[in-house]
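In what follows, a structure is listed as structure tokens, so that the remarks can point back to it.
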Amino acid sequence: MVRTPQRTEQTVHTQVNGITLAYNDRGSGLPIVFCHAFPLNRTMWAEQEKAFSSQFRVVTIDLRGHGESDAPLWRYTLDQAADDVIGVLDHLSIREAVFVGLSMGGYILFALYRKYADRVKGLVLADTRAQADTEEGKQARFQMAQAAYQKGPPAMADIMIPKLLSPATIQTKPELVRHVRAMIEGNPISGIVGDLMAMAERPDSVTLLKHITCPTQIIVGELDLPTPPSDAKLMADQIPNARLTIIPAAAHLSNLEKPDIFNDAVREFIGNETR
Ligand code: MLT
């Protein structure tokens, strides 16, 4: 069964792989495609859309199960998410792009690179990791799925916000916290649980790293707990010629907590490495 989401007039939708996906497509020039984190939606990229769409073609996508896209009850894998992203790009006649993925968005970019390396002009891997889940990590996902099912998305927001944002952000930026909470609470349980299963089952990508031949930028918040700087360093050490930026005083959602530093890193990367 497919949910009928609330749709806004400005949102653009397309049918991809049997479901409806929502996206924004703003600006022109080199395409930059943004893949969001778990359990958020494409509005987490609002600051990047604003900063880059005067110079580039910026595409932000609500992944299946999120925001204004459909949330079917099954078919959640990271390969499926990569196929969905490529389906949107095919619809937009975009052959090649720079891809930016944060956390789960980064996991999806590893899947996308495995299947569609020829579509990738550059990669920005932010607050993410190449390792698969440990057994304890999988168990934690199972428990989180039970909590989401039994208590609903507001309970997910309570669990996730301290993992996503720094204590200072939580104390001093109530609007940002409200935005993150609204994104989490706007996702149906099928999407949240689908993501948890997909992430638990994802393969290890460490062995892929040395085969990534496109220009790559790694970004991580200094205070990131779910995917700490040590994970970023591992990727930067193994991906040939990768650049690494560590953002001071940012936690997991570094693009939201320190958008100016995040955007400068992306802009410099695109300017120097992908033109
Ligand atoms: C995310 O931000 O996408 C998640 O923290 C990723 C994860 O749970 O592994």
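Every read-out reported here was derived from the displayed coordinates using simple, explicitly stated rules and does not represent laboratory data. Just so it is clear, the structure is predicted and the values come from calculations on it, not from any experiment. A quick note on method: Cβ atoms are made from the backbone with ideal geometry, for glycine too, and the neighbour counts reach across all protein chains shown.
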Legend entry - Globularity ratio of region 73-209, using Cα Rg and 2.2 N^0.38 Å: 1.13
Legend entry - Net charge, ALA140 excluded, C-beta distance under 13 Å - Lys, Arg +1, Asp, Glu -1: 0
Inset, instruction - Give me Rg over Rh for region 1-158, both radii from the alpha carbons and Rh done the Kirkwood way, two decimal places. - result: 0.96
Inset, instruction - Over the chain, calculate the relative contact order: mean separation of alpha carbon pairs under 8 Å at least 6 apart, over the residue count, as a percent. - result: 19 percent
Inset, instruction - Kindly count the pairs of lysines across the chain whose alpha carbons are less than 21 Å apart, treating pairs on different chains or eight or more residues apart as eligible. - result: 13
Inset, instruction - May I ask you to derive the FRET efficiency for ARG267 and LYS210 from their Cβ-Cβ distance with R0 = 30 Å, giving the value to the nearest 0.05? - result: 0.65
Inset, instruction - Would you mind calculating the relative contact order of region 2-105 from Cα pairs under 8 angstrom and at least 6 residues apart, reporting the percent as a whole number? - result: 36 percent
Legend entry - Fully extended contour minus Cα-Cα distance, from GLU135 to LYS173, at 0.36 nm per residue: 10.2 nm
Legend entry - Formal net charge of residues neighbouring PHE99 (Cβ-Cβ distance under 9 Å; K, R +1; D, E -1): +2
Inset, instruction - Identify which of ASP84, ASP133, ASP224 has the largest mean-square fluctuation in a Gaussian network model of the chain, with springs joining Cα atoms closer than 10 Å. - result: ASP133
Inset, instruction - Net charge near TRP45: determine it from the other residues with C-beta under 15 Å of the C-beta of TRP45, scoring Lys and Arg +1 and Asp and Glu -1. - result: -2
Inset, instruction - Could you check the simple spin-label distance between ASP118 and LYS163, using points 7 Å along Cα→Cβ, in nm with one decimal? - result: 3.8 nm
Legend entry - Alpha-carbon radius of gyration plus Dmax, which is the widest Cα pair, for the chain in Å: 17.0, 49
Legend entry - Relative contact order (percent, whole number), region 153-218, Cα cutoff 8 Å, 6+ residue spacing: 37 percent
